[in-house]
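The structure under discussion appears below in the form of structure tokens.
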Amino acid sequence: MLSISHLTKKYGRSLACNDISFQIPDGEVAILLGPNGAGKSTLMKSVIGVLRYNGEISVSGLNNKTPEARKIVGYIPEMPALYPNLTVSEHMEFIARAYKLENYKDRVSELLDMFELTDKKKKFGDELSKGMQQKLNICLGLLPDPDLILMDEPMIGLDPHAIKELKREIEAMRNRGKTLLISTHIIDSVDMIWDRTIILQNGNMRADVTKKELDGCGLTLEEYFFRVTEQENPSAGAETEDKK
Ligand code: ADP
């Protein structure tokens, strides 16, 4: 379980996350949805412990900055950070050693096959196209099979086959009881695969809604998103709907 309590992060005087609290139980896929600049990446970087912030974050009851917590948290960053002088295979080997994985070779082959990188195994990081870099970025994040995985805009730059495989992996992780937090500003890219959606806007948390709750009121995620984020706009459809 991921638990975020009163997370506040400022960059200078600018408030990127304002008193955000929510929990994601084990075995749930949560979507972090919000326009550009909403605070999604800041929240994720706070969870993986690379930013200073106010508030408390725990993973399976462990403070997120402890070594024990770091071992069970995975992160797929929005911008792949590859080594130009390591090949695709060497990147995978590097992660396997960093996480002290055992019996990982079959999984490496499986991931490279899934994301169509098998014939690129010997290519160096800087020889890969943007899309291939993103695929390798995803393979590196999935290899350690962490209990909590954070994916920052993972679908960006992927071709349809890779999107299909990633969605399948997300479902498989959920079925194994893992906790997933996936950020996006594109609602369509995550429809069908979520249990809970957290909506951020201008650093504020505007909603924490489960799929069951939305299905119960007959709204699509898109309709709900606009209802929540355009509330302050008197001409918005959401406001009109609320008054019906
Ligand atoms: P999102 O991921 O939702 O697009 P971010 O978390 O990247 O949003 O950004 C939230 C806000 O914080 C934005 O106003 C952004 O300009 C600001 N911000 C993000 N990173 C930095 C930084 N390193 N220094 C200063 N401001 C930042």
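The values are calculated or read from the model by the stated rules, or taken from the named source; none is laboratory data. Not measured: the values here are computed from a predicted model. Heads up, the Cβs are rebuilt from the backbone with ideal geometry, glycines too, and the neighbour counts pull from every protein chain shown.
Conditions (1) within 16 Å of the ligand (Cβ to nearest atom); (2) part of a loop (DSSP other than H, G, I, E, B), marked per residue:
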site: LEU32; (1), (2): yes, no
site: MET44; (1), (2): yes, no
site: GLU68; (1), (2): no, no
site: PHE94; (1), (2): no, no
site: ASN103; (1), (2): no, yes
site: GLY131; (1), (2): no, no
Based on this model, can you work out whether ILE186 counts as within 16 Å of the ligand (Cβ to nearest atom) and closer than 21 Å to ILE95 by Cβ?
no
Looking at (1) part of a loop (DSSP other than H, G, I, E, B); (2) at pLDDT 95 or above; (3) surrounded by 13 or more Cβ atoms within 10 Å (Cβ to Cβ), find the lone condition where GLY55 falls short.
(1)
Run LEU62 past the list (1) within 30 Å of GLY203 (Cβ to Cβ); (2) free of Cβ contacts under 8 Å to residues at least 40 places away in the same chain; (3) surrounded by 15 or more Cβ atoms within 10 Å (Cβ to Cβ); (4) in contact with a strand residue (DSSP E or B) (Cβ under 7 Å, 6 or more places away or on another chain) and report the number of the one that doesn't hold.
(4)
For region 5-19, which residues satisfy the criterion of being surrounded by 15 or more Cβ atoms within 10 Å (Cβ to Cβ) and either free of Cβ contacts under 8 Å to residues at least 24 places away in the same chain or more than 13 Å from the ligand (Cβ to nearest atom) (or both)?
LYS10
Of everything in region 20-52, what is basic (Lys, Arg) and surrounded by 22 or more Cβ atoms within 10 Å (Cβ to Cβ)? Give them in sequence order.
LYS40
Odd one out for GLU28, checked against (1) in contact (Cβ under 8 Å) with a residue 60 or more places away in the chain; (2) within 16 Å of the ligand (Cβ to nearest atom)
(2)
Residue in region 158-171 that is within 16 Å of the ligand (Cβ to nearest atom), assigned to a loop (DSSP other than H, G, I, E, B), of a type in the set (D, E, K, R) and over 16 Å from VAL108 (Cα atoms) present
no
Give the residue, chosen from LEU181, LEU200, that is within 16 Å of the ligand (Cβ to nearest atom), in a strand (DSSP E or B) and in contact with a Cys (Cβ under 9 Å, 6 or more places away or on another chain).
LEU200
